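In what follows, a structure is listed as structure tokens, so that the remarks can point back to it.
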Amino acid sequence: MKKLIGEPGAVVADALVGIEAALPQVRVDHQNRVVLRATPKDEGKVALVSGGGSGHEPLHGGFVGFGMLDAACAGEVFTSPTPDQVLAATTAVDRGAGVVHIVKNYTGDVMNFEMAAELAEGASVASVLVHDDVAVEDSTYTAGRRGVGLTVLMEKIAGAAAEEGRPLDEVVRVAEKVSAQGRSMGVALTSGTVPAAGRPTFDLPDDEMEVGVGIHGEPGRHREKLAPAPRIAEMLVEPVLADLPSGGEPVIAMLNGMGGSPLLELYLMYGEVAKLLEKAGVPVARTLVGNYITSLDMAGCSLTLLRADDELLRLWDAPVETPGLRWGR
């Protein structure tokens, strides 16, 4: 294992020190391992809290800032944050208008965010579940579909609604609208390596790929021989479109890297995806290509499509200023 680390067990704590040193727009509660806005939003606005296991950067801490999250909880690598972490984040960011928890559908995340919401006395807390992975219905970590790439789009769009000053029920409505209208699918060419384990999470021969892989390396739909980019694009686009709600609205398309594939390959892959969407008669209104929800050093990519009406497109286009996403300011 070759990693830019010190003590394997201290990777998350050490990374949070670096995040605070590098990013003046955030501050870190090191005791609770929570990334917060350096300057809180105005009183009377809804706050957004998310989080999950580390190893998916820039998700979630990289999306703390104007137009997105107010706080992100950093669990151990591929491990849910604890209820105490979520409670600390919720209490810290509550501006008197309520707090929305954006929760990826993994059993530990769901349970721990629910416990934190129950413990958050005096705060109005609502939760929205992300369960967009069309690959499998149940997996190692979940009951129901996994929460993957749509998380990024939900944090951006719901964050814009909160920044406008919309009330809690309206921010929840927008987030649930995103959840209902977005779908994702991923493919892995290699496994990621958890620092504390020191070896790949799963074995994948050099000439095979895992189709429908989860962001923690969970099994997907099947394995097959490595294929060229046009065929891999078909494996992503076809099942996502088959499950995507029908309608005349265009889509926001995100071609996301898993951490180990260079941008050259990601743009190449998006080119193939764009051809298939055009052939299917699906207009693309907005595009995002890059590493946004990763799986350590896994090679591969995922595709997320969101049916976006005028409301969602306007919220998507609203200004955002975070370490991982920035435009309009």
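Would it be correct to say that Leu129 is hydrophobic (A, V, I, L, M, F, W, C), in contact with a Ser or Thr (Cβ under 7 Å, 6 or more places away or on another chain) and open to solvent by 10 Å² or more (accessible area, probe 1.4 Å)?
Working: hydrophobic (A, V, I, L, M, F, W, C): yes; in contact with a Ser or Thr (Cβ under 7 Å, 6 or more places away or on another chain): yes; open to solvent by 10 Å² or more (accessible area, probe 1.4 Å): yes.
Spelling it out, Leu129 is indeed hydrophobic (A, V, I, L, M, F, W, C), in contact with a Ser or Thr (Cβ under 7 Å, 6 or more places away or on another chain) and open to solvent by 10 Å² or more (accessible area, probe 1.4 Å).
Please specify each residue of segment 145-175 satisfying the condition of being of a type outside the set (D, E, K, R) and surrounded by fewer than 21 Cβ atoms within 10 Å (Cβ to Cβ).
So in segment 145-175, the residues of a type outside the set (D, E, K, R) come out as 147-154, 157-162, 165, 167-168, 171-172, 174-175.
Once the filter is applied, which keeps residues that are of a type outside the set (D, E, K, R) and surrounded by fewer than 21 Cβ atoms within 10 Å (Cβ to Cβ), segment 145-175 yields Gly165, Pro167, Leu168, Val172.
Wholly within segment 82-191, which helices (runs of 4 or more DSSP H) include no fewer than the required count, namely at least 1 residues that are under 21 Å from Arg33 (Cβ atoms)? Break it down into steps so the answer makes sense when it comes.
Details: elements: 83-93, 107-119, 150-163, 168-181.
The qualifying helices (runs of 4 or more DSSP H) are 83-93, 107-119, 150-163.
Find all pairs meeting these conditions: Cβ atoms under 6 angstrom apart; at least six residues apart or on different chains; first residue within segment 113-131 and on the phi < 0 side of the Ramachandran plot; second residue basic (Lys, Arg) and open to solvent by 40 Å² or more (accessible area, probe 1.4 Å).
His131/Arg145
Being closer than 18 Å to Ser179 by Cα, small (Gly, Ala, Ser) and surrounded by 13 or more Cβ atoms within 10 Å (Cβ to Cβ) is the filter here, so list the residues in segment 246-284 that pass it.
If the condition is that a residue be closer than 18 Å to Ser179 by Cα, small (Gly, Ala, Ser) and surrounded by 13 or more Cβ atoms within 10 Å (Cβ to Cβ), then Ala253 is the only one that fits.
Condition test on Gly214, is it assigned to a loop (DSSP other than H, G, I, E, B) and within 20 Å of Asn291 (Cβ to Cβ)? Let's see the steps before the verdict.
On the way: assigned to a loop (DSSP other than H, G, I, E, B): yes; within 20 Å of Asn291 (Cβ to Cβ): yes.
Yes.
Okay, residues lined up against (1) without any contact (Cβ under 8 Å) to a residue 60 or more places away in the chain; (2) open to solvent by less than 10 Å² (accessible area, probe 1.4 Å):
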{"site": "Lys177", "(1), (2)": "no, no"}
{"site": "Ser191", "(1), (2)": "no, no"}
{"site": "Pro205", "(1), (2)": "yes, no"}
{"site": "Glu208", "(1), (2)": "yes, no"}
{"site": "Val211", "(1), (2)": "no, yes"}
{"site": "Gly220", "(1), (2)": "no, no"}
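Go through (1) more than 21 Å from Lys156 (Cα to Cα); (2) assigned to a strand (DSSP E or B) for Ile232 and report which single condition fails.
(2)
Ser124 passes all but one of (1) under 19 Å from the mean Cα position of the chain (by Cα); (2) among the hydroxyl-bearing types (Ser, Thr, Tyr); (3) farther than 23 Å from Gly257 by Cα; which number fails?
In the conditions (1) under 19 Å from the mean Cα position of the chain (by Cα); (2) among the hydroxyl-bearing types (Ser, Thr, Tyr); (3) farther than 23 Å from Gly257 by Cα, Ser124 misses (1) alone.
If we scan segment 83-90, do we find a residue that is in contact with a Cys (Cβ under 7 Å, 6 or more places away or on another chain), farther than 20 Å from Val148 by Cβ and open to solvent by 10 Å² or more (accessible area, probe 1.4 Å)?
Within segment 83-90, one or more residues are in contact with a Cys (Cβ under 7 Å, 6 or more places away or on another chain), farther than 20 Å from Val148 by Cβ and open to solvent by 10 Å² or more (accessible area, probe 1.4 Å).
Working only within segment 2-51, note down all residues that are out of contact with any Pro (no Cβ under 6 Å at 6 or more places or on another chain) and on the phi > 0 side of the Ramachandran plot.
Within segment 2-51, the subset out of contact with any Pro (no Cβ under 6 Å at 6 or more places or on another chain) is 2, 4, 6-7, 9-10, 12-22, 24-50.
Within segment 2-51, Arg33, Gly44 meet the criteria.
Among (1) hydroxyl-bearing (Ser, Thr, Tyr); (2) open to solvent by 10 Å² or more (accessible area, probe 1.4 Å); (3) within 17 Å of the chain's Cα centre (by Cα), which single condition is Ser295 missing?
Answer for Ser295: the failing condition is (2).
For segment 303-329, enumerate the residues that are open to solvent by less than 10 Å² (accessible area, probe 1.4 Å) and either in a strand (DSSP E or B) or on the phi > 0 side of the Ramachandran plot (or both).
Of everything in segment 303-329, those that are open to solvent by less than 10 Å² (accessible area, probe 1.4 Å) and either in a strand (DSSP E or B) or on the phi > 0 side of the Ramachandran plot (or both) turn out to be Leu303, Thr304, Leu305, Leu306, Val320.
Considering only residues that are under 15 Å from Val125 (Cβ atoms) and in contact with a Gly (Cβ under 6 Å, 6 or more places away or on another chain), which ones fall in segment 46-68? Spell out the reasoning first.
Quick first cut of segment 46-68, residues under 15 Å from Val125 (Cβ atoms) only: 46-51.
Answer for segment 46-68, where residues must be under 15 Å from Val125 (Cβ atoms) and in contact with a Gly (Cβ under 6 Å, 6 or more places away or on another chain): Val46, Leu48.
Which one of these does Ala229 not meet: (1) in contact with a strand residue (DSSP E or B) (Cβ under 9 Å, 6 or more places away or on another chain); (2) open to solvent by 10 Å² or more (accessible area, probe 1.4 Å); (3) not aromatic (Phe, Trp, Tyr)?
(1)
Could you grab me the full set of residues in segment 1-47 that are in contact with a helix residue (DSSP H, G or I) (Cβ under 9 Å, 6 or more places away or on another chain) and β-branched (Val, Ile, Thr)?
Passing the criteria: Ile5, Ile19, Val26, Val28, Val34, Val35, Val46.
The values are calculated or read from the model by the stated rules, or taken from the named source; none is laboratory data. Given the structure is predicted, the values throughout are model-derived calculations rather than measurements. Positions of Cβ are generated from backbone atoms using ideal geometry, with glycine treated the same way; all protein chains shown enter the neighbour counts. Side chains included, ligands, DNA and RNA excluded: accessible areas come from the protein's heavy atoms. Shrake-Rupley method; radii C 1.70, N 1.55, O 1.52, S 1.80 Å.
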